[in-house]
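Presented below is the structure to which this report refers.
Every number here is computed from the coordinates shown, using simple stated rules; none is lab data. Bear in mind the structure is a predicted one, so any value in this text is a computation, not a measurement. All Cβ positions, glycine included, derive from the backbone under ideal geometry; neighbour counts span all protein chains shown.
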Amino acid sequence: MKKVTMRTTIIIVLLVIAVVGYYAYLSSKSRAQKQEASMTVVETTLSRDLGKDYPPTPKEVIKYYNEILRCLYNEESSDEEIEALGCKARELYDAELLANNELEDYLVRLRAEVQSYRDNERRITNFNVASSNNVVFFEEDGFSFAKIACGYTFLQGGRNYPSSQMYLLRKDGDKRWKIYGWEDVEKLQEDDTAEMTGE
């Protein structure tokens, strides 16, 4: 009789522990989801750990870069957030691009550009990265490069303005695609036309 009572007591205690443990698990999961839901767009963008979760393709690199740009130019970011976003963008830059953009100078220019957008009430309303099928891959000087276009729509003074950029990425020693540079597609087309006409 004592053995049956002891066994029943142990089973009841284990069940209580399991129920309490499961309740604690659900509570912490719910808290984490609420915290995630309450994060701002800027906080969510900054929370990505590029050391562990680096974008795997040129298209994904440019998509994430554009999320950073949207935060910079569309959100009411503090100076600290602007600096953090700028540093996050630099994690996507190629070593040569970083070498040509010293951190302090880069941050001064970035703050001025963000302020200019605010002063002119200019916003990025949309961006559209070319499909993966339209990425141009090539080798040069022993490096792997990729070219990908991205279209933008800017809103200013109640009017939409389209613009396009051609991004050039280079694969680094860790096999990560890094932004090597970019140029306005319109300027590239003008240069090509001038070259063809011999101007």
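Projected label points at residue 119 and residue 40, each 7 Å from Cα along the beta carbon direction, are separated by 2.2 nanometres. Remark on residue 149: its backbone amide H falls under 5 Å from those of 130, 167, a criterion applied only to residues 5 or more positions apart or on other chains, H modelled at 1.01 Å from N.
For the chain, report the translational diffusion coefficient in µm²/s to the nearest whole number, using Stokes-Einstein at 37 °C, 0.692 mPa s, and a Kirkwood Rh over Cα pairs. Estimated diffusion coefficient is 160 µm²/s.
For residue 94, the residues whose modelled amide H falls within less than 5 Å of its own, excluding neighbours fewer than 5 places apart on the same chain, are 179, 180.
May I ask you to derive the FRET efficiency for residue 53 and residue 9 from their Cβ-Cβ distance with R0 = 30 Å, giving the value to the nearest 0.05? The pair residue 53/residue 9 has a calculated efficiency of 0.05. Magnitude of the charge dipole for segment 41-197, about its Cα centre and with charges confined to Cβ atoms of Lys, Arg (+1) and Asp, Glu (-1), is about 580 debye.
At an R0 of 22 angstrom, the distance between the Cβ atoms of residue 69 and residue 144 translates into a FRET efficiency of 0.35.
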